[in-house]
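**Student:** Before we start, here is the structure in question, set down as structure tokens.
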Amino acid sequence: MYLTPEQNILFSLLKTSLWHDKDREALLSIPSETDWGELFTLAARQGVLGVSLDGLAQVEKRSSLSKSDQIPGLSKELLIRWELSVQKMEARNKRQKEVIKELVALFRENGIEMLLLKGIGLGMNYPQPSHRECGDIDIYLFGDYEKGNKVIENLGIEVDKEGTKHSKFYFKGVPVENHKTLLNVEYSKIDKNLEQHLLRVLDEQGSNSIMIDDVSVRVPTPDFIATFLTRHDIIHFLASGLVMRHFCDLALFFEKNGGRIDFVRFEKLMREEDQYDFFCSFLAIGQEYLGMPEESFPGTSINHQKVTVLTNRVLEDSLYNKYRSIDKKEIETIWVPRRKLLGLKHFLASKWKYDSIDRWLFYKIFIQRIYLTFL
């Protein structure tokens, strides 16, 4: 697949940031005609502004020159803008950590235990955890979903309970999703099967914990995360597409936790639910473009030809997905019929994704969407 100079440089920055011994030499010979403004925009859209800035810092250490002096075409103004953007990201991460600590304390006061899904927990795998772009806080309350909603409502906070999978609320300005179920079991047989598996793992293995300052926060075990994160990313990919942040999450998680995952059980499960080829293509991007060591994933009996084709199509979709290039806030302001038409065009263009799992899946989802629209 052809990559622009800016895309190649971004991948080199990510490699040297995530694995410090990777691709430094490539970064010391950056073409003078590099469009750094375009690269900055690309990194922002791919959710890796912080990680890519860390790559520049690694180059600085290697050369002993300042970043703006040693890199042709990178203006001081753009570098300052980049650094300010990352500082805002650090502030958002810090705010999320404060909210997580408060939620843990609040729920425990009411006899509820909280499991943190994804987010800050995945960020712990990064060399600079605060440089992982964060979104919502996803939590699971071990069957106390309704009780947890009531605790939040008693604080005078509005809880949106329209979704079948989770409720939504803002806690001190930070969006939180309280999961009633771990996956969307209402409409998907695959999710129903994987949900049962996740609940079994949770029952068998319990949870691990991470420390956020002086507060212990419960997080899932690696076996749980492997399945949950893979399915989450596949659903995200089918619905709207993935960005490099998602592939960084997967690559770092499997590299750091490979020895603690029951790969035989994981592979069997993913194959049974027709998720394995997409999973392999996601990790292939981690290996080929982000520097993930190949030994981190002991995959067996892979259909290399199919995975190679999928990998190229997944990467192309991530870099050139026109639907993802539209700002989410902009989409929300579009006239509803036009927005529905835009969503339909994107859905039809994504037919190949569904066909890669099951040739009838696209039609099943299409009928389901029509039903839900009229409902």
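Since every read-out is calculated from the coordinates, none of them should be taken as a lab result. What you are looking at is a predicted structure, and each value in this text was computed from that prediction instead of being measured. Don't worry about glycine lacking a Cβ; one is built from the backbone with ideal geometry, like all the others, and counts go over all protein chains shown.
**Student:** When the helix-only estimate is applied to the chain (DSSP H runs of n ≥ 4, each -39,500 (n - 2.57), divided by the residue count), what is the mean residue ellipticity at 222 nm, nearest 500 deg cm²/dmol?
**Tutor:** So the helix-based figure for the chain works out to -19000 deg cm²/dmol.
**Student:** Further question on the same structure: With axes computed from alpha carbons, what is the tilt in degrees of helix 36-45 against the longest principal axis of the chain, rounded to the nearest 10 within 0 to 90?
**Tutor:** 10
**Student:** Let me ask something additional. Please report the net charge: other residues with Cβ closer than 12 Å to the Cβ of D213, K and R +1, D and E -1.
**Tutor:** Within the 12 Å Cβ shell, the charges total 0.
**Student:** Here is a follow-up. To test your reading of the geometry: what angle, between 0 and 90 degrees and rounded to tens, separates the Cα axis of helix 244-257 from the longest principal axis of the chain?
**Tutor:** Result, in degrees: 80.
**Student:** Shifting gears a bit: Sort F11, F366, F169 so that the residue with the fewest other Cβ atoms within 10 Å of its own Cβ comes first and the one with the most comes last.
**Tutor:** F366, F169, F11
**Student:** Same structure, new question: Classify the chain as rounded, prolate or oblate from the Cα gyration tensor: take a ≥ b ≥ c as the square roots of its eigenvalues, call it rounded if a/c is under 1.5, otherwise prolate when a/b beats b/c and oblate if not.
**Tutor:** Rounded is the answer for the chain, as its axis ratio a/c remains below 1.5.
**Student:** Given the C-alpha atoms of the range 327-375, compute the convex hull and give its volume per residue in Å³.
**Tutor:** Spelled out: Cα convex hull of the range 327-375, divided by residues, is 83 Å³.
**Student:** Under the rule of at least 5 residues apart or a separate chain, name every residue whose amide H is placed under 5 Å from the amide H of I137.
**Tutor:** V176, E177
**Student:** Where nothing but the Cβ of Lys and Arg (+1) and of Asp and Glu (-1) is charged, how large is the charge dipole of the chain around its Cα centre, in debye to the nearest 20?
**Tutor:** In total the dipole reaches around 820 debye.
**Student:** With the radius of gyration and the Kirkwood radius both derived from the Cα set of the range 92-220, what is their ratio Rg to Rh?
**Tutor:** Taking Rh as the inverse mean 1/r over Cα pairs, Rg/Rh reads 0.95.
**Student:** Rounded to whole Å and sorted largest first, what semi-axes of the equivalent ellipsoid does the C-alpha gyration tensor of the range 214-343 yield via the square root of 5 times each eigenvalue?
**Tutor:** Listed largest to smallest, the semi-axes of the range 214-343 are 29, 19, 14 Å.
**Student:** Can you spot the lysines whose alpha carbon is less than 19 Å from K165's alpha carbon? Ignore those fewer than 8 places along the same chain.
**Tutor:** K118, K147, K150, K180, K189, K192
**Student:** Please get the size of the charge dipole for the range 199-266, origin at its Cα centre, with Cβ charges of +1 on Lys and Arg and -1 on Asp and Glu, quoted in debye to the nearest 20.
**Tutor:** Dipole magnitude for the range 199-266 comes out near 180 debye.
**Student:** Quick one: angle between helix 276-290 and the longest Cα principal axis of the chain, in degrees between 0 and 90, rounded to 10, please.
**Tutor:** Approximately 30 degrees, to the nearest 10.
**Student:** Now, a different point. What order do you get for 249-260, 71-82 when each peptide is scored by the mean count of other beta carbon atoms within 10 Å, highest first?
**Tutor:** 249-260, 71-82
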